[in-house]
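Working notes, structure below.
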Amino acid sequence: MNFHLLDWIILILYLGFSVFMGIRAKKYVENMEGYFVAGRRVKVALGSATLIATEIGIVTFMYFGQLGYVSGFSCFVLGVIGFLGYLVIGKTGFIVSGLRRLKVITIPEFYEMKYSKGVRVLGGVLLFLGGVLNMGVFLKMDGIFLTETMGFSSGMLIVIMIIMLLIVISYTVLGGMFSVVITDFMQFVVLSLGMLIATIFILLHVGIGEIANTVVHQFGEAGVNPIVNPHFGWSFLVWMLIGSVAISALNQPAASKSFASESPEVGRKVFLFTGITLAGRYMIPMFWGVAALAMFGPNIDSTLAMPKLLGVVVPSGFLGLMIAGMLAASMSTYSAYMLAWSSVATRDIIAPLRKKEFDEKTTILLTRIITTMIGVFILVFGLLYELPATVFQYAAITGAMYAAGAFGCVTAGLYWKRANVVGAYWSLALGGFAPIAFLVLSVFKDSLPSNLSFLIDVNISGFLSFVLAALGMIVGSLVSQKKYPPIIMRQPKADEPVAQKADLRSVAEVLERKQSAAEKEGNV
């Protein structure tokens with residue numbers, strides 16, 4: 001076993017303190033807005049730290065480490081692309097500032113304000129389905145990481161997965177976004193220290209020259225050129241360029257940090273400062289994966305290579321601190337994701353289908369129940385499901401399932417006056433088609449006709465999802481303008497309240513009534 005007494009002491013003390021702080025945050029939950037978006041009180045420094053912690057967990061280290069191991073330095077381009085995506089959002093406030101001014105709690109709330117209740121429900125279903133499938137492999141990857149680095153046998157995998165799940169659920173269910181934000185800041189600090197320590201010890205065991213020679217020998221030009229690398233290519237790069245903006249701005253766990261900010265300007269700056277560190281946060285675990293290739297060679301399981309390296313090179317004491325940092329990152333990711341997807345299920349799928357609104361207490365209770373159910377699902381799914389691609393590609397394609405249609409609906413809804421309900425339905429449906437087809441057909445890939453093999457190319461499917469979503473919005477809106485005229489929305493000013501009622505569905509109803517009256521007068 002790689003873990004010794006000192007490592008266990010560090011790990012247990014840290015986890016105990018994290019759970020204590022998370023549960024203690026329950027006293028700050030005064031109402032529904034406090035539970036879901038921390039009362040919209042988050043400032044730039046805290047918001048940036050919590051978003052950074054949310055966006056990189058153990059699963060992130062795992063899939064970036066795997067990419068480094070199987071593709072060499074060429075995967076570093078993802079760090080540059082991710083940085084550019086956050087930079088665009090952070091400098092312009094693209095999407096996030098508009099949604100923050102409207103004071104939404106979840107993205108599908110905007111669909112009802114701009115389009116209809118039906119669009120909100122469909123968007124909520126796709127967001128929830130894609131989001132839960134996206135995190136379906138998180139727990140297993142995290143369990144594999146801990147099993148390998150700590151030196152346990154493979155039989156301990158399910159035990160580790162269950163323990164992790166119980167810890168995260170305990171404080172996420174009770175404290176909501178306050179728990180997430182409070183623990184995220186602490187975890188950001190520990191995570192940063194753990195990454196620094198791990199990198200130093202890796203470089204003490206594997207030199208830069210040895211790593212570079214291994215990449216050249218193993219991959220040739222493909223090790224440094226993503227265009228010729230078989231894992232990437234042009235379709236992948238274009239998909240990532242679009243997706244870096246779309247998924248960054250419309251991934252509910254990340255967007256919720258902007259929604260929780262004290263103003264639209266703060267929400268924009270949160271993305272800007274987070275993006276400054278993003279390239280490094282991506283490239284460091286990729287580098288670890290390349291170092292694992294140099295140390296162990298190309299013939300071990302690509303998912304095990306990076307954690308195996310850490311377990312070998314990081315000494316006792318430092319290993320405990322590093323594992324605490326990794327667990328810190330994962331708890332941030334799980335808590336933010338679980339809260340995001342459960343809030344979408346409660347507010348955007350179940351609540352709109354009821355004639356009578358839920359009160360705030362019932363909404364929070366239902367969200368807590370769904371959070372627990374999501375935890376059980378990712379435990380079972382992670383143990384049974386076999387990935388059709390690398391972990392990163394699986395995460396990206398499930399993200400595209402909701403992000404492609406959401407990008408079409410939200411971007412057009414905020415910036416194109418002709419966007420209407422028909423375009424929204426088409427955008428959501430077509431945006432989700434290619435990713436769903438990929439996931440379903442991958443199960444039957446051995447019996448798939450050769451002329452349909454492109455449907456199980458993950459890069460083509462991801463790229464197509466955004467193209468189809470854009471076409472759906474543009475064509476659907478243009479052909480139906482007369483029968484379904486767009487609802488005209490006016491963006492409120494920074495200090496202007498959106499509505500007196502917390503339920504934003506009332507805003508959409510008022511707008512629809514005004515539009516109907518205008519139509520009768522012949523003004524539309």
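Every read-out reported here was derived from the displayed coordinates using simple, explicitly stated rules and does not represent laboratory data. Remember, it's a predicted structure, so these values are computed and weren't measured experimentally. So basically every Cβ, Gly included, is an ideal-geometry build from the backbone, and we count neighbours across all protein chains shown.
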Convex hull of segment 324-381 built on C-alpha atoms - directionally averaged projected area, nm²: 4.7 nm²
Report the percentage of all Cα-Cα pairs in segment 277-336 whose separation exceeds 19 Å, rounded to a whole percent. 41 percent
If you average 1/r over every pair of different alpha-carbon atoms in segment 53-126 and take one over that average, what Kirkwood value in Å do you get? 15.2 Å
Calculate the FRET efficiency for LEU471 and LEU6 from the Cβ-Cβ distance with a Förster distance of 60 Å, rounded to the nearest 0.05. 0.55
Ratio Rg/Rh [Cα only; Rh per Kirkwood] for segment 393-491: 1.09
Overall form of segment 5-385 per C-alpha gyration tensor (a/c, 1.5; a/b vs b/c): prolate
Rounded to 0.05, the calculated FRET efficiency for the beta carbons of VAL80 and ILE300 at R₀ = 35 Å is 0.80
Here the net charge surrounding GLY82, from other residues whose Cβ is less than 11 Å away from its Cβ (Lys, Arg +1; Asp, Glu -1), is 0
I want to check the label-to-label distance for GLN481 and ASP457. Put each point 7 Å from Cα in the C-beta direction and report it in nm to one decimal. 3.6 nm
Assuming R0 = 45 Å, what is the FRET efficiency of GLU360 and ASN213, from their Cβ-Cβ distance, to the nearest 0.05? 0.15
Distance between segment 107-130 and segment 236-308 - C-alpha centres, whole angstrom: 26 Å
Would you list ASP457, ASP7, ASP301 from fewest to most Cβ contacts within 10 Å? ASP301, ASP457, ASP7
When averaged across all projection directions, what area in nm² does the alpha-carbon convex hull of segment 107-173 cover? 5.7 nm²
What residues from segment 334-355 fall in the zone where the backbone N is under 16 Å from a label point 7 Å along the Cα-to-C-beta line of PHE377? 334-351
Per principal axis, descending, Cα span of segment 219-376 in whole Å: 63, 41, 30
Taking 0.36 nm per intervening residue step and subtracting the Cα-Cα distance, what contour gain separates LEU203 from GLU262 on full extension? 17.1 nm
Give me log10 I(q)/I(0) at q = 0.29 Å⁻¹ for segment 438-479, Debye formula, one equal scatterer per alpha-carbon, no solvent. -0.92
Using Stokes-Einstein with the Kirkwood hydrodynamic radius over Cα pairs, what translational diffusion coefficient do you get for segment 326-484 at 10 °C and a viscosity of 1.306 mPa s, in µm²/s rounded to a whole number? 89 µm²/s
